[in-house]
Amino acid sequence: MRPLLLLAGAFLAGLLSESSAAQQAPATPLPLATADASVPERDWSLHGQLTYQLQGHGSFDSPYEGTNSFQDRKETRGSFTSTLFLGRRLWTGGEAYVNVELIAGQGLSRVLGLAAPPNGETYRVDSTGLKANLARLLLRQTFALDGEEEAQDDGENQIQGRRAARRVVVTVGKISLTDVFDANAYAHDPRTQFNNWSLWANAAWDYPADTRGYTWGVALELYRDAWAVRLGSFMEPREANGLEFDHDVSRAHGDVLEVEHRHALSKRPGAVRVLAFWNHANMGVYREALELAPGAPDITATRAPGRSKYGFGLNLEQEIVSGVGIFLRAGWNDGKTESWAFTEVERALALGSTVRGDPWNRPRDLFGVAVALNGINGDHRDYLAAGGLGFMLGDGSLHASTEEVLDAFYRASLASFAAVTLEIEHYRNPAFNQDRGPLTVYGLRLHADF
């Protein structure tokens, strides 16, 4: 944590000590802000969403399979989530939010056998019955700095009103880290945009979370004109991708730092974000597991408290013309310790575009196409090749190569509050294995919100 804190402190100090001429520069509106100064202030925010997904695939070539292999026979699975987003303004700058989520269903092959699973709504929790889950419980405090105000729209976990364009925001509680970090206008929401895990988030960022994608912690954000800096520290699960958290936070926590700059190219908005993370948990080491085992290695036999993993990410978005945008994400982590919370990827590159339906008189429709290339480092590769199992992958052997994903979707609006999406996700070298696949997943998604 110390290197991230020092870097963040230096950057924050630089922003706060800008010249008086810079302090007088007009503020740049941030996402979800409007230019309407007459927007009335509200004390409550209430929203909800329902998402149903049906996905399936046919048979594909599979000369062998292991415990964690993606099923090579025909398969169809469905999932359902419903979320209630409730927010309350407590005092000047203070807001509290609670999200209750209902979940049911299963992911294809129990969400095993792919480095980038196809359904962003299903983690490794299978339940045919409906279960309730406290998704978020947080307190957010905003401290206004000098400068202008801007209007803030009503939205999920956001209350309509005014906010300072230059501000410090502190968030404490249970959240998903993608609520604060790694945002992207064109690839960030698996309920309405790309569904593949390596497209709505940086697959190489093993971000702290329980099995359902949430964790407890604190985030600090500074917004100053075109710049934003975010820093946070969060709890890690006790076991790899487990539901219970490790309360020994001195040796089990994940730290993240992100710097963002918003810009305009030919008057079209865009953003560049650079992310760094450093995780600590009771992780095992791939190379140690290989050296210890006479047979198939077991990463869990090498676990020790305080083991670390670090990495970096790059996140770009740019509007090309009205309604058309492109995005790029790239990520890397050292990969010496086992994958712990998100997915088993150490090298990630994703590039894509979305097009709004204005040209064909369907302005609420959206078409998207993207590709993702995911990889692992040498220790992880040798571990899987020797028959080792991760929490997602393990075919019993491995003819290693990059996992390639093509994701294309069309979201057709049914009304202002509802849409249906058809999606195709094509994989080459699933789970980094040239001996298996290719395979294609077909998806139907129904989404409504209020």
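Before moving on, here are some points about what is shown:
- Of all residue pairs spaced 6 or more apart or on separate chains, those with beta-carbon atoms under 7 Å, a first member in the range 317-330 that is touching a residue at least 40 places away in the same chain (Cβ under 8 Å) and of a type in the set (Phe, Trp, Tyr) and a second member that is surrounded by 17 or more Cβ atoms within 10 Å (Cβ to Cβ) and not in a strand (DSSP E or B) are 327/184; 327/186; 327/187.
- The lone exception for residue 425 - which of (1) of a type in the set (Asp, Glu); (2) under 24 Å from residue 309 (Cβ atoms); (3) buried (at least 22 other Cβ atoms within 10 Å of the Cβ) it fails: (2)
- Among the residues making up the range 343-354, a single one is part of a strand (DSSP E or B), crowded, with 22+ Cβ neighbours inside 10 Å and touching a Phe, Trp or Tyr at 6+ places or on another chain (Cβ under 7 Å): 352.
- Selection from the range 149-159 of residues that are surrounded by 19 or more Cβ atoms within 10 Å (Cβ to Cβ) and at pLDDT below 95: 150, 151, 152
- Of all the residues in the range 223-253, those that are farther than 13 Å from residue 282 by Cβ, surrounded by 16 or more Cβ atoms within 10 Å (Cβ to Cβ) and in contact with an Asp or Glu (Cβ under 6 Å, 6 or more places away or on another chain) number 3.
- Count - residues of the range 109-130 that are touching a residue at least 24 places away in the same chain (Cβ under 8 Å), outside any strand (DSSP E or B) and either on the phi > 0 side of the Ramachandran plot or of a type outside the set (Val, Ile, Thr) (or both): 14
- In the range 165-185, the residue that is modelled with the lowest pLDDT out of those that are in a loop (DSSP other than H, G, I, E, B) and either more than 13 Å from the chain's Cα centre (by Cα) or among the hydrophobic types (A, V, I, L, M, F, W, C) (or both) is 165.
One line per residue, one yes/no per condition, for (1) at pLDDT below 95; (2) under 30 Å from residue 412 (Cβ atoms); (3) assigned to a strand (DSSP E or B):
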residue	(1), (2), (3)
295	yes, no, no
329	no, yes, yes
332	no, no, yes
341	no, no, no
356	no, yes, yes
364	no, yes, yes
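- Count of the range 398-422 residues, restricted to those that are crowded, with 16+ Cβ neighbours inside 10 Å and of a type in the set (Gly, Ala, Ser), is 3.
- Qualifying residue in the range 32-52 (condition: modelled with pLDDT under 50, assigned to a helix (DSSP H, G or I) and either surrounded by fewer than 15 Cβ atoms within 10 Å (Cβ to Cβ) or out of contact with any Pro (no Cβ under 7 Å at 6 or more places or on another chain) (or both)): no
One line per residue, one yes/no per condition, for (1) more than 19 Å from the chain's Cα centre (by Cα); (2) surrounded by 15 or more Cβ atoms within 10 Å (Cβ to Cβ); (3) of a type in the set (Val, Ile, Thr):
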position: 303; (1), (2), (3): yes, yes, no
position: 307; (1), (2), (3): yes, yes, no
position: 310; (1), (2), (3): no, yes, no
position: 315; (1), (2), (3): no, yes, no
position: 323; (1), (2), (3): yes, no, no
position: 327; (1), (2), (3): no, yes, no
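- Residues (in contact with a Pro (Cβ under 6 Å, 6 or more places away or on another chain), on the phi < 0 side of the Ramachandran plot and in a loop (DSSP other than H, G, I, E, B)) located in the range 416-441: 435, 436
- All positions within the range 189-216 that are crowded, with 21+ Cβ neighbours inside 10 Å and either at pLDDT below 95 or touching a Leu at 6+ places or on another chain (Cβ under 8 Å) (or both): 193, 202, 205, 207, 208, 209, 210, 215
- Residue within the range 111-128 that is over 21 Å from the mean Cα position of the chain (by Cα), among the basic types (Lys, Arg), surrounded by fewer than 19 Cβ atoms within 10 Å (Cβ to Cβ) and more than 19 Å from residue 189 (Cβ to Cβ) present: no
- Selection status of residue 259, out of contact with any helix residue (DSSP H, G or I) (no Cβ under 8 Å at 6 or more places or on another chain) and assigned to a strand (DSSP E or B): no
- Pairing each residue of the range 71-97 that is farther than 30 Å from residue 141 by Cβ with any residue that is acidic (Asp, Glu) and surrounded by fewer than 14 Cβ atoms within 10 Å (Cβ to Cβ), provided the two are 6+ apart or on different chains, yields C-beta distances under 8 Å for 72/61.
- Of all positions in the range 191-201, none carries a residue that is basic (Lys, Arg), farther than 25 Å from residue 144 by Cα and free of Cβ contacts under 8 Å to residues at least 24 places away in the same chain.
- Within the range 131-148, none of the residues are modelled with pLDDT of 95 or more, β-branched (Val, Ile, Thr) and assigned to a loop (DSSP other than H, G, I, E, B).
- Given (1) in contact with a helix residue (DSSP H, G or I) (Cβ under 8 Å, 6 or more places away or on another chain); (2) within 23 Å of residue 170 (Cβ to Cβ); (3) of a type outside the set (A, V, I, L, M, F, W, C), index of the condition residue 322 fails: (2)
The values are calculated or read from the model by the stated rules, or taken from the named source; none is laboratory data. Model, not experiment: these values are computed from the prediction. Cβ coordinates were reconstructed from backbone atoms using ideal geometry, including for glycine residues, and neighbour counts include every protein chain displayed.
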